[in-house]
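See below for the structure under consideration.
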Amino acid sequence: ALQEAVSGATIIISCLSSLRFSNLWTDYLRVPLLRVFRQDASKWCVDNTHPYYINYLSTKKILEVAEREQLKRDAYNEFERERLLLEEQIERGRKMIMDDEEEEEGFESEIAAGLRKKRGT
């Protein structure tokens, strides 16, 4: 569902919030105070309403999906640029061939001369 929501988006506004009252036992007394300096709150807090889970992990997931989507979009845009460039080169080549169709008198390519010799003309 998140992938579909981000797909095609150019701007993402993430409005997250949690309403969680601190629990004296689980937030302060049961766990040492040094827990505040740990980057991963899942080691000491299993409460899914904790701001770590709502704000940090949710934002991290959204950013990961947005980065993947941007990489897809960049690859598609690069493919389109290359396709347009090749089409332009092909069109230029056609114009050059059409311009070169009027050959000088007496000019004959080696391939055409070889085919004429094989046919006996």
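The values are calculated or read from the model by the stated rules, or taken from the named source; none is laboratory data. All figures in this text were calculated on a predicted structure; none of them were measured in a lab. Neighbour counts are summed over all protein chains in view; Cβ atoms, including those assigned to glycine, are modelled from backbone coordinates with ideal geometry. All accessible areas refer to the heavy atoms of the entire protein, side chains included, with ligands and DNA or RNA removed. Shrake-Rupley method; radii C 1.70, N 1.55, O 1.52, S 1.80 Å.
Taken over segment 2-50, residues that are hydroxyl-bearing (S, T, Y) and either modelled with pLDDT under 70 or in contact with a strand residue (DSSP E or B) (Cβ under 7 Å, 6 or more places away or on another chain) (or both) amount to 2. If you go through segment 79-114 and keep only what is among the charged types (D, E, K, R), open to solvent by 80 Å² or more (accessible area, probe 1.4 Å) and modelled with pLDDT of 90 or more, you end up with R81, E82, R83. Anything in segment 43-62 that is more than 15 Å from S18 (Cβ to Cβ), surrounded by 11 or more Cβ atoms within 10 Å (Cβ to Cβ) and among the charged types (D, E, K, R)? List them, or say none. Passing the criteria: only K61. Annotation note: Cβ proximity below 9 Å between a residue of segment 1-26 that is over 12 Å from P51 (Cβ atoms) and a residue that is surrounded by 10 or more Cβ atoms within 10 Å (Cβ to Cβ) and polar (S, T, N, Q) (sequence gap 6+ or interchain) occurs for S14/S58; S14/T59.
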